[in-house]
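Each value in this text was obtained by applying a stated rule to the coordinates, not by laboratory testing. Everything numeric here is computed off the predicted structure, so don't read it as measured data. Reconstructed Cβ throughout: ideal geometry from the backbone, glycine too, with neighbour counts over all protein chains shown.
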Amino acid sequence: MSLSKVIAIANQKGGVGKTTTAINLSSALGIFEQKVLLIDADPQANATSGLGILPKNLSNSIVNLFRGDSNIERCILDTQSPNLKIIPGSIKLAEIEINIKTPHLNRLKSAVETLRNQFDYIIIDCSPSLGYLTLNSFVAADSIIIPVQCEFYALDGLRKLLSTIRNIKKSYNPNLTIEGILMTMYNSQLIHNKHVVNELKLTFKDLIFKTIIKRNVNLSEAPSFGTSIFNYKISSEGSTNYLNLSQEIMNNQTLNKQKNLGKKSLKFLKTLKRRI
């Protein structure tokens, strides 16, 4: 088996569909017979509970790794989704981030490297911040998916995120790329949503996924039943969206990324603010 591709899903702004994407993209890749590992690196552990695993009942989780446990394989659990395994998250991650005295930004990368030959894709659901846990995820990743809600204020943090990615690339992970910017919660009835999408496409061009995740009530309901959209309602539009996204990623060649993404996003945000 070839070495896996490690993709972090990140946006420091909450409520943009980050964990929804982590769960359903991972599940969709598994449906297409890819061997997938989902790493829940978010202290809220919503990707874990969203796949029907109760974090408080676990003796092993990603916390083991950040406490120095070198045997990360003991933390890997099966899920109900085909070909998908998970390293569960834990609220105790928040304590680690708050109390960290000597940051080890390669801790997650070192663990991931030992697992690469077992999976086709390793997906990391990042913490909704740009702190220690997310930086670990960026150092470990080959590429990053940035979910962006189709509203102006959801874009405010994009410049800071792109700047952080550029700095990680410069100092810690020179091979890091942006897999793509993913438009989420899109409502075709709202002119504002269409305007945001058009402006993003104009500015970021090939960085924007062709697939757009439309606002869909089934996507919101599925986690409360501890399952992906495919087990909850495979006939839904949300299911189709994430199947399309997974195919796009599987077919995606590494894009030629711009070096000045942070500056471009700042210019874009100023332009958009003037127009709406």
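Across segment 175-186, computed HN-Hα scalar couplings (Karplus, 6.51 cos²θ - 1.76 cosθ + 1.60, θ = phi - 60°) run 8, 5, 10, 9, 5, x, 9, 10, 6, 10, 6, 7 Hz from first to last residue, x flagging Gly and Pro. Amide H contacts under 5 Å for VAL6: ILE122, ASP142, SER143, restricted to partners 5 or more places along the chain or on a different chain, H placed in the peptide plane at 1.01 Å from N.
The protection proxy used here, the mean number of other Cβ atoms lying within 10 Å of each residue, ranks peptides 62-70, 30-38 as follows, highest first: 30-38, 62-70.
Membrane-span-like helices in the chain, defined here as complete DSSP H runs extending at least 24 Å along the helix axis by their C-alpha atoms with mean Kyte-Doolittle hydropathy no lower than 0.5, are absent; this is a sequence and geometry rule, not a statement about a membrane. Set Lys and Arg Cβ to +1 and Asp and Glu Cβ to -1, take the dipole of the chain about its Cα centre, and tell me which of SER137, GLN149, SER61 lies farthest positive. In the chain, that residue is GLN149. Ordering LEU182, ASN167, SER246 by the projection of their Cα atoms onto the charge dipole of segment 117-253, which places +1 on the Cβ of Lys and Arg and -1 on the Cβ of Asp and Glu, puts ASN167 at the extreme positive end. Its Cα centre serving as origin, the chain has a Cβ charge dipole (Lys and Arg +1, Asp and Glu -1) of approximately 1360 debye.
Could you please report the charge total around LEU38, scoring K, R as +1 and D, E as -1 over all other residues with beta-carbon less than 10 angstrom from its beta-carbon? Local net charge: -1.
Quick check: from the Cα gyration tensor, does segment 122-197 come out rounded (a/c under 1.5), prolate or oblate?
On the way: a/c = 2.40, a/b = 2.22, b/c = 1.08.
Taking the square roots of the gyration eigenvalues as a ≥ b ≥ c, segment 122-197 is prolate.
Give me the percent of DSSP beta bridges within the chain that run antiparallel, rounded to the nearest 5.
Details: 2 of 28 bridges.
Here the share of antiparallel DSSP bridges comes out near 5 percent.
Report summary: the helix-based calculation at 222 nm, which adds -39500 (n - 2.57) for every DSSP H run with n ≥ 4 and divides by the residues of the chain, gives -12000 deg cm²/dmol.
Among DSSP beta bridges lying fully in segment 1-137, give the percent that are antiparallel, nearest 5.
Details: 2 of 16 bridges.
DSSP beta bridges in segment 1-137 are roughly 10 percent antiparallel.
Arranged from fewest to most other beta-carbon atoms within 10 Å of their beta carbon, TYR242, TYR121 become TYR121, TYR242.
Averaging Cα coordinates gives a centre for segment 148-220 and one for segment 30-47; these two points are 20 Å apart. Charges were assigned to the Cβ only: +1 to each Lys and Arg, -1 to each Asp and Glu. The resulting dipole of segment 84-190 about its Cα centre is roughly 380 debye.
Of LEU202, ASN231, ILE31, which is farthest along the charge dipole of segment 5-275 in the positive direction, counting Lys and Arg as +1 and Asp and Glu as -1 at C-beta? Ranked along the dipole, the leading option is LEU202.
Full extension of the chain between SER235 and HIS104 yields a length gain of 42.8 nm, computed as 0.36 nm times the residue separation minus the alpha carbon distance. Summing charges over neighbours of LEU219, with a neighbour being any other residue whose Cβ is under 10 Å away from its Cβ, gives +1 when K and R count +1 and D and E count -1.
Stretching the chain fully between LYS205 and GLN189 yields a gain of 3.4 nm (0.36 nm per residue, less the alpha carbon separation). Each Lys or Arg adds one and each Asp or Glu takes one away; over the other residues whose Cβ falls under 9 Å from the Cβ of SER90, this sums to +1.
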